Amino acid sequence: MPELTFILVNPAREENIGAAARALKTMGIFNLFLVAPLANHLGEKSKATAHASLDILENACVFSHLSDAIIDFDLIIGSTAKKRSIAQNYHLAEELPEIITAKGNTINKVALIFGGEESGLSNEQLAMCDMLSTIPMFKKYPSLNLAQSVMVYATYLSKLILNIKKKTTQKPVEPELPIIKEKAAQILADVEMQPDNLIYSRIMERLMLLDKDDINLFHSFSKYYLKKYHGRLK
C-alpha cells in the first residue's frame, strides 16, 4: 500500500488543524504536511482539538510553498468543493481507494491536498495536482469545513489500511507514474503540443487513472518510441 500524506494549504484556524490531526490518527494515517499555515499548529487550541494526536501535530512538516511540499509524491490528488472547469473530471472521495489500489506497486507515495477555510485551493494550486476529487453534497451551502473534509477523505482512504493485512504484500518497485508523466511530456513535446493546451492537460489527467497493467503497457510503448526517435534506452 502506498504511503498517504494529507497536505493542508493555508489553514487559518488552530481548531481545524487539531481536528484534522485527530481524524488522521483515528483512521491510521500519520503524515501531515502544512503549507504556509496562517494558524499555529502547536497552539493551545490545536492541541486541545487534536486530543491524543499530539504526535501528528509535533511531527507535521511545514513548507512555505506547495511546490516544495509535493516534490516527492508519485500521485497528487487535490480536493475541491467547486467545479472550476467543465473539461476536468472530478473523482468522488469514495472512488479514491479503488483508483489507488488499481495502481498496485507502481506508486509509493500519495498526497491529498486541501485548501484553506475561506477559498480552498487556487486554480494554480489545482493545476499542480494529477487529479481532482470532491465530496458530493446535498447543498452547496453550507459546505463542509476543512477538518470535516479531512475526516471524510480519511474515512474512505482508511479502507486501504484496514484491508492491507488481507492482501499479499507486493515488493516495492521504483514508482512508475512519475516516469510515465515524463515520457508522455516528451511525446507531446515532439508533436508540439504545449502544456497550456486543453488536450495536453486532459491526456496527462487520464494517464493518472491507468491501472497497473495499463501503466506497464504505456511504459512499453514509450520505451519503443523513445528508442526510435530519441535513442533512449530508458
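The values are calculated or read from the model by the stated rules, or taken from the named source; none is laboratory data. This structure is a prediction, so every number in the text was calculated from the model and none was measured. Cβ placement follows ideal geometry from the backbone for every residue including glycine, while neighbour counts extend to all protein chains displayed.
The numbered conditions (1) part of a loop (DSSP other than H, G, I, E, B); (2) under 19 Å from residue 147 (Cβ atoms); (3) out of contact with any strand residue (DSSP E or B) (no Cβ under 8 Å at 6 or more places or on another chain) are all true for residue 18 except (1).
Yes or no, residue by residue, for (1) among the charged types (D, E, K, R); (2) modelled with pLDDT of 90 or more:
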position	(1), (2)
167	yes, no
185	no, yes
193	no, yes
204	no, no
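Scan the range 68-76 and tell me whether some residue there is at pLDDT 95 or above and over 22 Å from residue 1 (Cα atoms). Within the range 68-76 (the criterion being at pLDDT 95 or above and over 22 Å from residue 1 (Cα atoms)), the answer is yes, since at least one residue qualifies.
For the range 21-53, give me the residue count where each residue is in a helix (DSSP H, G or I) and touching an Asp or Glu at 6+ places or on another chain (Cβ under 7 Å). Before the answer, list the steps.
Initial filter on the range 21-53 (in a helix (DSSP H, G or I)): 21-26, 44-50.
Remaining after also requiring touching an Asp or Glu at 6+ places or on another chain (Cβ under 7 Å): 45-46, 49.
Result for the range 21-53: 3.
With respect to (1) of a type outside the set (Asp, Glu); (2) assigned to a loop (DSSP other than H, G, I, E, B); (3) surrounded by fewer than 15 Cβ atoms within 10 Å (Cβ to Cβ), the lone exception for residue 128 is condition (3).
Quick grid of which residues meet (1) under 20 Å from residue 108 (Cα atoms); (2) exposed (fewer than 15 other Cβ atoms within 10 Å of the Cβ); (3) hydrophobic (A, V, I, L, M, F, W, C):
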position: 192; (1), (2), (3): no, yes, no
position: 198; (1), (2), (3): no, yes, yes
position: 207; (1), (2), (3): yes, no, yes
position: 213; (1), (2), (3): yes, yes, no
position: 227; (1), (2), (3): no, yes, no
position: 231; (1), (2), (3): no, yes, no
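Considering each residue of the range 75-94 in turn, none proves to be surrounded by 19 or more Cβ atoms within 10 Å (Cβ to Cβ) and charged (D, E, K, R).
Let me confirm something: among 113, 99, which residue is surrounded by 21 or more Cβ atoms within 10 Å (Cβ to Cβ) and outside any loop (DSSP other than H, G, I, E, B)?
Numbers: 99 fails: surrounded by 21 or more Cβ atoms within 10 Å (Cβ to Cβ).
Exactly one residue qualifies, and that residue is 113.
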